[in-house]
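Colleague: My questions all concern the structure below.
Throughout, read-outs are computed from the coordinates displayed, never taken from laboratory work. The shown structure was predicted, so the numbers you read here are calculated from the model rather than taken from an experiment. Here the Cβ positions follow ideal geometry from the backbone for every residue, glycine too, while neighbour counts run over all protein chains shown.
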């Protein structure tokens, strides 16, 4: 595993937290790096999607409302510049391939994109808040840095997050 786990970023409130998440997505997207963002609910995935849309950042949303598109969205989540917002349970059991799904593409074309994504440090995972069950956080983190590929992860938190309100 070649995954870099960045320290959590903690903010006073949800607005500041999602502002920081959006800035990190914008920065990494401009570099061409694929990003998978895990949210805790459909509402939060749609809220983040709205923020990204307002900034003009193209992205896919994967939640229970559009689960029929799940396989196609996950298949391309490792492509250059891919931004995928998902509830944390989405796409489980499916490896995200750096460079996207090679099926239906010329092998040289796919390999070139794969190598570019590897050079950019692979898939970056963003968790928009921690779960009560650490196992769920670890599953999200584990989407990056698989099969010897590079990757990274970072979690964000705010004092308004459910887990901090309940246990903090």
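Colleague: Do the sum for the chain: with -39,500 (n - 2.57) for every DSSP H run of n ≥ 4, divided by all residues, what is the mean residue ellipticity at 222 nm, to the nearest 500 deg cm²/dmol?
Modeller: -12000 deg cm²/dmol, from helical runs alone.
Colleague: Sticking with this one: Does anyone have the angle between helix 42-55 and the longest principal axis of the chain? Alpha-carbon axes, 0 to 90°, nearest 10?
Modeller: 70 degrees
Colleague: Next question, about the same structure. So if R0 is 41 Å, what FRET efficiency would residue 165 and residue 112 give, r being the distance between their Cβ atoms, rounded to the nearest 0.05? Don't skip to the end; give the middle numbers.
Modeller: Numbers: r = 47 Å, r/R0 = 1.15.
So, using R0 = 41 Å, E works out to roughly 0.30.
Colleague: Report the FRET efficiency, 1/(1 + (r/R0)^6), for residue 41 and residue 69, where r is their Cβ-Cβ distance and R0 is 22 Å, rounded to 0.05. Mind dumping the intermediate values first?
Modeller: Numbers: r = 19 Å, r/R0 = 0.85.
Rounded to the nearest 0.05, the efficiency is 0.75.
Colleague: Starting from a Cα-only point model with no solvent, please compute log10 I(q)/I(0) by Debye for the stretch 2-167 at q = 0.16 1/Å.
Modeller: -0.87
Colleague: Quick one: helix 14-31 against the long Cα principal axis of the chain, what's the angle to the nearest 10°, folded into 0 to 90?
Modeller: For helix 14-31, the angle is close to 20 degrees.
Colleague: Related question: For the stretch 1-92, what is the largest minus smallest coordinate of the Cα atoms on each principal axis, given in angstrom and ordered from greatest to least?
Modeller: 36, 31, 27
Colleague: May I pose another question? Explain nothing, just the number: relative contact order of the chain, from Cα pairs under 8 Å at least 6 residues apart, as a whole percent. Please list the in-between numbers first.
Modeller: Numbers: 327 pairs, mean separation 56.9, N = 168.
About 34 percent, as a whole number.
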